[in-house]
Amino acid sequence: MIYFEHVTKKYEQSEGEKTEALSDVTLHIKPKEFVIVVGHSGAGKSTLIKLINREIKADEGKVYVGGIDYSELKKRDIPYLRRKIGVVFQDYKLLPKKNVFENISYALEVSGVKTKDVKIRVPKILELVGLQKKAKNFPRELSGGERQRVAIARALVHNPRILIADEPTGNLDPRNAWGIIEILLRVNQLGTTVMMTTHNQDIVNKLKKRVIVLQNGKVLKDKEAGAYEA
């Protein structure tokens with residue numbers, strides 16, 4: 001599903017110097033896996049996500065997602081690729097002047113999905129994240145946990161094969177955080193590959209899923225159902 005082969009990514013700093021955000025990273029995430037990526041700020045988590053979502057290109061090595069070799073991916077095919085990869089951010093990125101239903105449906109409308117299909121898909125996704133009764137509410141009327149559920153619903157509305165959740169519980173209290181984790185587990189059980197980044201050691205240890213630890217742009221540890229010490 002996701003395969004990195006000796007991938008290195010460098011960013012240019014001042015005076016032409018470059019720093020390595022990822023250095024010779026090799027990893028394989030299988031279809032329908034639930035993987036947690038951890039590491040301190042600057043470890044390379046954001047760069048990993050941007051490479052998977054094809055926001056940036058690797059300087060060295062190969063990136064394959066769903067059998068697609070990113071080095072051969074044409075620019076015109078990137079928007080289609082991204083519909084197969086849902087991304088959820090810590091800061092929600094909701095449209096404040098659109099209600100819950102409209103925030104989710106907008107993702108379909110801009111990609112040319114017919115209105116009748118929108119009316120079928122959105123309620124199903126709202127049911128999945130438990131927001132059927134909040135369809136007409138605006139973001140300002142929602143709790144942090146509910147906003148994150150909307151963000152997850154929007155990421156899922158294209159039925160992606162991969163869902164990336166970047167610190168999805170970072171702004172939430174423990175109760176709401178576990179509500180989000182339960183949704184991600186449900187999505188994974190339905191067949192979607194889930195990759196989640198987090199700093200929350202308690203969540204990692206209780207989930208008992210595969211953990212990839214990044215440090216200074218390298219894979220420090222990669223183990224099944226392992227405990228993690230920050």
Kindly list the number of the only condition in (1) in contact with a Lys or Arg (Cβ under 7 Å, 6 or more places away or on another chain); (2) surrounded by 19 or more Cβ atoms within 10 Å (Cβ to Cβ); (3) within 23 Å of S111 (Cβ to Cβ) that fails for A155.
-> (1)
Out of (1) surrounded by fewer than 18 Cβ atoms within 10 Å (Cβ to Cβ); (2) touching a Ser or Thr at 6+ places or on another chain (Cβ under 8 Å); (3) hydrophobic (A, V, I, L, M, F, W, C), the one A177 does not meet is (1)
Filter result (buried (at least 16 other Cβ atoms within 10 Å of the Cβ) and either assigned to a loop (DSSP other than H, G, I, E, B) or without any contact (Cβ under 8 Å) to a residue 12 or more places away in the chain (or both)) within the stretch 84-98 | F89, Q90, Y92, L94
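Conditions (1) within 18 Å of M195 (Cα to Cα); (2) part of a strand (DSSP E or B), marked per residue:
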position: E15; (1), (2): no, no
position: D24; (1), (2): no, yes
position: K32; (1), (2): yes, no
position: A43; (1), (2): yes, no
position: K62; (1), (2): no, yes
position: S71; (1), (2): no, no
position: D77; (1), (2): no, no
State which residue is surrounded by the fewest Cβ atoms within 10 Å (Cβ to Cβ) when the search covers only the stretch 1-24 and only residues that are under 19 Å from the mean Cα position of the chain (by Cα) and among the aliphatic types (A, V, I, L, M).
-> M1
So which of P123, P168, P139 is surrounded by 13 or more Cβ atoms within 10 Å (Cβ to Cβ) and closer than 15 Å to F34 by Cα?
-> P168
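Of the residues V100, V118, only one is touching an Asp or Glu at 6+ places or on another chain (Cβ under 7 Å) and β-branched (V, I, T); which?
Details: V100 fails: touching an Asp or Glu at 6+ places or on another chain (Cβ under 7 Å).
On inspection, the qualifying residue turns out to be V118.
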Scanning the stretch 192-222 for residues that are of a type in the set (V, I, T) and under 19 Å from H40 (Cβ atoms), the one farthest from the chain's Cα centre (by Cα) turns out to be V219
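We did not get these values from a lab; they are worked out from the coordinates using the rules stated. The shown structure was predicted, so the numbers you read here are calculated from the model rather than taken from an experiment. For neighbour counting, all protein chains shown are included, and Cβ atoms are generated from backbone atoms with ideal geometry for every residue, glycine included.
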